[in-house]
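Written below as structure tokens is the structure these notes are about.
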Amino acid sequence: MTRWGILATGHIASRFAEDLRLVPDAELVAVGSRSADSAQRFADTYGAKRAYGSWVELAADPEVDVIYVATPHAAHHEAALTCLTAGRAVLLEKPFTLDLATSTELVDTARAAGVFLMEAMWMRTNPLILRAVQLIAEGAIGTVSNVRADFGVAGPFPPEHRMRNPALGGGALLDLGIYPISLAYLLLGVPQHIRSWAHLGPEGTDENTGILFGYDSGAVATLSCGMVGASSLAASITGSTGRIDLPEPFFRPASLTLHRDGFAPETISAEEAGNGYQYEAIEVQRCLAAGLTESPLVPHTTTLEVMTLLDTVREQIGVRYE
């Protein structure tokens, strides 16, 4: 049995707690928050045995094997560092931190302590995303030449909302753009050429962002994110002999459609269960059982290279955090 703690009590923490019930040999034993009342309400709702009014108390609980950190972006570094230095394995919500330097510090801390650490990029553990990767590896669409993906939400959000507030790591890029960027990286790797543009809101965070990745192979990735209108949330992967379409939402699709030259389109579906967070929890438990300190599906190198891309785009579009 893997004994879980959850740090934070917001919307994402709630959805993860719901899905943890679908994971074999998983038990939610504790929750921590900066508010004791909030922690107790969360514990009562999701059946955690203990509720703590501080992150330090949760991290010190000897009966917790791994902690899922679900705070807003700006608190990821402090929360994860608290858990790692206490010797607790960590599943850290994406994006890892606000920049490469603090992300690297977390990875270095985990490696030095021999403690498991994984970014909660749930897309990379999704069965249909993994199936798409497998199909491409098998040559189903030939050589990938183009990736298109977008993630736009309608808003509007008030200035103090985490999506707009720079003190909370606001803007579309880190919250939404990480998904298209991660998909392009997953399929094509690190681009050799990056061009970005964004419209910034009055707070200085990006409201609508376009990103172009170019590869010396000749491949391109056309990506966008924004909070000024609900986009299709779809993605398309084009190869020399076919195409894979991922419908809304592409990061947690219910199906994919494989188009191959000379064949009728083939739709591949997966059974939908929960919110889709259970797969990352299953991966964490698999790694812990195997004695691993990082996941082969979401390795530290991937997290740091994607964060480098986010830093580069953020520099190009002129977004600065405190």
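The values are calculated or read from the model by the stated rules, or taken from the named source; none is laboratory data. Predicted, not measured: the structure shown is a model, and the values here were computed from it. Reconstructed Cβ throughout: ideal geometry from the backbone, glycine too, with neighbour counts over all protein chains shown. Quick note on the areas: whole protein, heavy atoms, side chains included, nothing else; ligands and nucleic acids left out. Shrake-Rupley method; radii C 1.70, N 1.55, O 1.52, S 1.80 Å.
Okay, here's what the table says:
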item: Flag if TYR179 is aromatic (Phe, Trp, Tyr), closer than 20 Å to SER232 by Cα, in contact (Cβ under 8 Å) with a residue 60 or more places away in the chain and buried (at least 17 other Cβ atoms within 10 Å of the Cβ); result: yes
item: Set ALA230, ALA198: member being open to solvent by 40 Å² or more (accessible area, probe 1.4 Å), in contact (Cβ under 8 Å) with a residue 24 or more places away in the chain and out of contact with any Phe, Trp or Tyr (no Cβ under 8 Å at 6 or more places or on another chain); result: ALA230
item: Residues that are more than 19 Å from PHE251 (Cα to Cα) and either open to solvent by 30 Å² or more (accessible area, probe 1.4 Å) or out of contact with any Leu (no Cβ under 6 Å at 6 or more places or on another chain) (or both), drawn from region 216-227; result: ASP216, SER217, GLY218, VAL220
item: Near pairs, Cβ below 6 angstrom, 6+ apart or cross-chain, from region 1-29 (over 24 Å from GLU271 (Cα atoms)) to any residue that is of a type in the set (S, T, N, Q); result: THR2/GLN285; ALA8/THR71; THR9/SER33; THR9/SER38
item: Subset of region 1-48 that is under 24 Å from GLY276 (Cα atoms) and basic (Lys, Arg) - its residue that is surrounded by the fewest Cβ atoms within 10 Å (Cβ to Cβ); result: ARG21
item: Residues located in region 9-38, provided they are assigned to a helix (DSSP H, G or I) and more than 24 Å from the chain's Cα centre (by Cα); result: ALA36, ASP37, SER38
item: Count of residues meeting criterion [touching a Leu at 6+ places or on another chain (Cβ under 6 Å) and open to solvent by 50 Å² or more (accessible area, probe 1.4 Å)] in region 49-69; result: 0
item: Any pair with Cβ under 6 angstrom, 6 or more apart, that starts in region 301-312 at a residue that is within 25 Å of TRP197 (Cβ to Cβ) and ends at one that is open to solvent by 10 Å² or more (accessible area, probe 1.4 Å); result: GLU305/VAL190; VAL306/TYR185; MET307/LEU100; THR308/LEU100; ASP311/ASP99; ASP311/LEU100; THR312/ILE194
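Residue-by-condition table, conditions (1) open to solvent by less than 60 Å² (accessible area, probe 1.4 Å); (2) within 25 Å of ARG15 (Cβ to Cβ); (3) modelled with pLDDT of 95 or more:
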{"position": "ALA270", "(1), (2), (3)": "yes, yes, no"}
{"position": "ALA273", "(1), (2), (3)": "yes, yes, no"}
{"position": "TYR277", "(1), (2), (3)": "yes, yes, yes"}
{"position": "ILE282", "(1), (2), (3)": "no, yes, yes"}
{"position": "ARG286", "(1), (2), (3)": "no, yes, yes"}
{"position": "LEU297", "(1), (2), (3)": "yes, yes, yes"}
{"position": "THR301", "(1), (2), (3)": "no, no, yes"}
{"position": "GLU305", "(1), (2), (3)": "no, no, yes"}
{"position": "LEU310", "(1), (2), (3)": "yes, yes, yes"}
